[in-house]
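To keep things clear, I will list the structure first and then write my remarks on it.
The values are calculated or read from the model by the stated rules, or taken from the named source; none is laboratory data. All values reported here derive from a predicted model rather than from experimental measurement. When we count neighbours, we look across all protein chains shown, and the Cβ atoms used for this are built from the backbone with ideal geometry, even at glycine.
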Amino acid sequence: QLGLTAYTGNNTKRRIIEKELGDIVFQYPIKQALIDGIIPEFEWVVHPVYLAIKEEEEFRKISKNIVSSFTTVKYDVKTISRILGNKQSYVLQNIGEFVKLTEIARLKGISDIPEDWKVLQALLLKRRQIINKSIPRLEKAISLAKTLGNKHKIILFLMDIESCEIMRRELSGDVNNVFVIHSQIEENPIEVVEQFKKSKNGILIGA
């Protein structure tokens, strides 16, 4: 068997990969890829965007429900111990620990988590969707893409198919080469990527 993953770390994911596929035989760190010229040098630039008024209201409402739900879940030492695989009582300190724990449960194949855990997961997903599908955020991405799309190659990652199609419609009249990949396109995804690779400029949009 052969497996490929972007990151393993020294955690549950790595242990499961090694259990299912065997020892890691080769690693290729990003620093080495930069030295070898496999990937270009890059810099991380943040473009702050604020939520629209209605989005902000919904975000605050969901956040309040998340705090309330987490107050109950964090003391569920029985489920926490079952997922961690130990008998030691542990109380979750923050939402980040809850997210990590649910990921561990998923990797271990533990699907029968309590209903209140599932409710909290759903609330977190709903709040994240508000951020990722925010109208001002999409508008900012459209503005940047229109500015750079005819001079450079750009890859846009979006939350879902609907957002991809919105971006396609908004950019098609201003950018010469717009390529889209998601599960509902009629084209062959590999051919779409090849077209993007051969173009001197343009935008590749994916979910």
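With respect to M159, determine if the residue is at pLDDT below 90 and of a type outside the set (S, T, N, Q). Yes. Taken over the range 1-55, the residue count meeting the criterion of being of a type in the set (D, E, K, R), surrounded by 10 or more Cβ atoms within 10 Å (Cβ to Cβ) and over 21 Å from G109 (Cβ atoms) is 2.
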